[in-house]
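For reference, the structure is listed below as structure tokens.
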Amino acid sequence: MDNVIVVGAGPVGLWLAGELRLAGVPVTVVEREPGRRAFTRALGIHARTVEVLAMRGLAETPLAEGRALPRWHFGMLPAFPDYSGLDTPYPFVLAYPQNALEDLLERRAVALGAIVRRGVAVTTLTQDHAGVRARLADGTELTASWLAGADGAGSVVRKAAGIAFTGTDATLWGYVADVTLSAPPEITGTLSTPDGALVVAPLPGGRFRLAGFDPRDQEPDREMTMERLVASVRRAAGRDLGIVAASWISRFGNATRQAADYRAGRVLLAGDAAHMHMPTGGVGLNIGVQDAMNLGWKLAAVARGAAPESLLDTYHAERAPVGAAMLANTQAQTALVAAFTPEGQALRAHLSALLERHPAVQHDLALGVSGLDVRYPPADPGAHPLTGRRFADPAVFPLLADARPVLVRAPSTPPVETHLPVLEAAPDAAYALIRPDGHVWWATDEPDPRAAAETIARLWG
Ligand SMILES: Cc1cc2nc3c(=O)[nH]c(=O)nc-3n(C[C@H](O)[C@H](O)[C@H](O)COP(=O)(O)OP(=O)(O)OC[C@H]3O[C@@H](n4cnc5c(N)ncnc54)[C@H](O)[C@@H]3O)c2cc1C
């Protein structure tokens with residue numbers, strides 16, 4: 001059995017480690033930081049990520065402790081798209097802190113047998129036909145058959161593997177702060193004027209997250225201070241909100257880049273290591289966890305010797321277009337956020353009015369951000385139309401808990417001899433095989449159980 005090094009214990013690395021362990025693949029996660037961040041970056045978990053969590057039996061705690069928001073902003077427009085009509089058991093954005101999710105994922109990965117080494121960075125790596133050698137900051141080395149870089153936007157793994165990170169540099173800077181306010185606004189939400197854009201979102205414990213853009217504070221690489229935060233918030237809000245204390249203040253830019261390849265030989269990239277963008281829209285964690293969901297079962301199958309290495313090439317083929325679409329989505333949102341000119345303000349008002357009047361447009365925007373509309377186009381043009389689609393029936397989620405495929409059969413079809421879990425449902429096909437990541441692998445309209453059993457054996461052994 002091959003082993004895997006995962007670099008980075010963020011949400012993506014931890015998800016990947018759990019997936020690999022479900023298949024029994026030996027995994028070591030190497031994390032530079034000795035502990036977890038006290039603050040949270042992401043707050044918004046989108047519907048497909050909640051479904052992904054549900055598929056592995058992990059959605060219960062985030063659903064119980066998080067807050068379901070039926071609306072979520074797009075480009076900080078005043079009219080928020082409505083998520084409540086999405087075709088999912090989770091038609092909302094779940095406000096749940098990233099650090100709590102990481103904690104959950106790390107406990108699970110360790111319980112499944114992953115080794116997590118904290119407080120030591122990977123400094124470089126080399127690879128040959130047999131494996132990968134990672135050098136650590138403490139002077140030691142680790143070797144493995146495969147290495148996955150989930151080490152964030154500044155990825156050392158990506159650089160050492162010689163993978164280009166193409167795109168554009170930051171031209172716009174925003175700020176984020178978690179604060180206590182003595183004079184909070186009566187209504188939380190977004191506002192945008194020629195003097196700045198601001199989101200005020202409630203946090204547990206009576207605190208607030210402020211995120212905004214100040215057209216008069218756009219010098220690159222300046223550290224955000226309390227003084228500058230107070231000034232920018234006052235300009236955008238038109239009054240002092242009474243910032244009493246801040247537990248986290250930071251700045252971010254709109255640099256937008258994507259890895260030219262998600263794989264270089266025995267090295268794979270996932271999450272922010274493969275794509276970076278403005279955090280507007282709250283999608284980075286979501287798309288990263290979904291990268292890891294796509295990669296996990298494939299890398300596990302190759303590591304177990306159950307699938308040819310070429311299966312790994314489908315990872316880039318399937319996920320890079322999703323990443324590119326999401327980068328374009330965040331760029332569109334960034335243009336709206338930064339529309340400080342009179343023309344830009346008019347465009348924002350116009351679009352907001354259109355959104356109010358046309359729920360179908362709201363639905364489309366929500367669908368795009370939610371991750372529910374992702375379809376992986378099949379390599380075979382003659383494949384059944386269901387192939388590559390997300391299998392939407394939630395009855396399949398518990399059957400995917402151990403990351404094995406599930407056979408779905410229409411009630412009228414004869415049973416198939418298989419060791420896989422079987423769901424009797426109406427999948428618009430006689431039989432459908434659902435991949436461990438919840439997408440349709442193969443489907444047929446032919447109610448021929450022997451042919452179906454042969455196909456399953458060919459795909460999964
Ligand atoms: C203000 C803000 C708000 C956001 N809000 C949202 C949101 O609402 N929803 C959403 O989906 N996303 C959001 N995001 C984006 C989200 O936080 C990231 O996309 C997410 O953290 C990516 O996860 P990751 O595991 O790929 O990378 P990271 O979380 O960056 O994890 C990488 C890990 O690798 C470690 N590491 C780095 N280099 C090395 C090395 N050489 N050796 C060992 N370890 C290393 C790091 O210490 C880190 O722990 C937001 C981001 C910001 C800044």
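No lab work stands behind these numbers, since they all come straight from the coordinates. On a predicted model such as this, the values are computed, not experimentally measured, just so you know. Every residue, glycine among them, receives a Cβ derived from its backbone with ideal geometry; neighbour counts consider all protein chains shown.
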The range 254-286 residues near the modelled A130 label - backbone nitrogen below 16 Å, point 7 Å along Cα→Cβ: 266
Taking amide H positions as placed in the peptide plane 1.01 Å from N, state which residues far from V29 in sequence (5 or more) or on other chains have amide H under 5 Å from it. V6, I115, V116, R117
Taking the Cα centre of the range 177-313 as origin, work out the dipole magnitude from +1 charges on Lys and Arg Cβ and -1 charges on Asp and Glu Cβ, in debye rounded to 20. 200 debye
Net charge, V93 excluded, C-beta distance under 10 Å - Lys, Arg +1, Asp, Glu -1: +2
Whole-number percent relative contact order across the chain, with pairs defined as alpha carbons under 8 Å at least 6 apart: 19 percent
Whole-angstrom Cα spans of the chain along principal axes, big to small: 71, 59, 37
Projected onto the charge dipole of the range 1-43 (unit charges on the beta-carbon of Lys, Arg, Asp and Glu, signs +1, +1, -1, -1), the Cα from V25, V12, M1 with the largest positive-side position is that of V12
Kindly give the semi-axes, whole Å and largest first, of the ellipsoid equivalent to the range 173-221, taking each as the square root of 5 times a Cα gyration tensor eigenvalue. 21, 13, 8
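Suppose we keep just the DSSP beta bridges with both residues in the chain; what percent of those would be antiparallel, to 5?
Beta bridges within the chain, antiparallel portion: roughly 75 percent.
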Euclidean distance of C-alpha centroids, the range 165-186 and the range 290-330, integer Å: 31 Å
Computed FRET value (nearest 0.05) for T143 with M1, which takes r as the C-beta separation and R₀ as 22 Å: 0.90
Net charge of Cβ neighbours under 10 Å - reference P215; Lys, Arg +1; Asp, Glu -1: -1
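If you place +1 on the Cβ of every Lys and Arg, -1 on the Cβ of every Asp and Glu, and leave all else neutral, what size is the dipole of the chain about its Cα centre, to the nearest 20 Debye?
780 debye
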For E424 and D313, compute 0.36 nm times the residue count separating them, minus their Cα-Cα distance, and round to one decimal in nm. 36.8 nm
Taking amide H atoms as placed 1.01 Å from N in the peptide plane, list the residues 5 or more away in sequence, or in a different chain, whose amide H sits under 5 Å from that of W248. D178
Measuring from its Cα centre, the range 321-453 shows a charge dipole (+1 at each Lys and Arg Cβ, -1 at each Asp and Glu Cβ) which, in debye to the nearest 20, is 300 debye
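Scan the range 147-230 for trypsin sites (Lys or Arg not before Pro) in coil per DSSP, keeping those whose Cβ has at most 12 other Cβ atoms within 10 Å, and list them by number.
Listed in order of number, the matching sites are R216, R222.
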Do the sum for the chain: with -39,500 (n - 2.57) for every DSSP H run of n ≥ 4, divided by all residues, what is the mean residue ellipticity at 222 nm, to the nearest 500 deg cm²/dmol? -10000 deg cm²/dmol
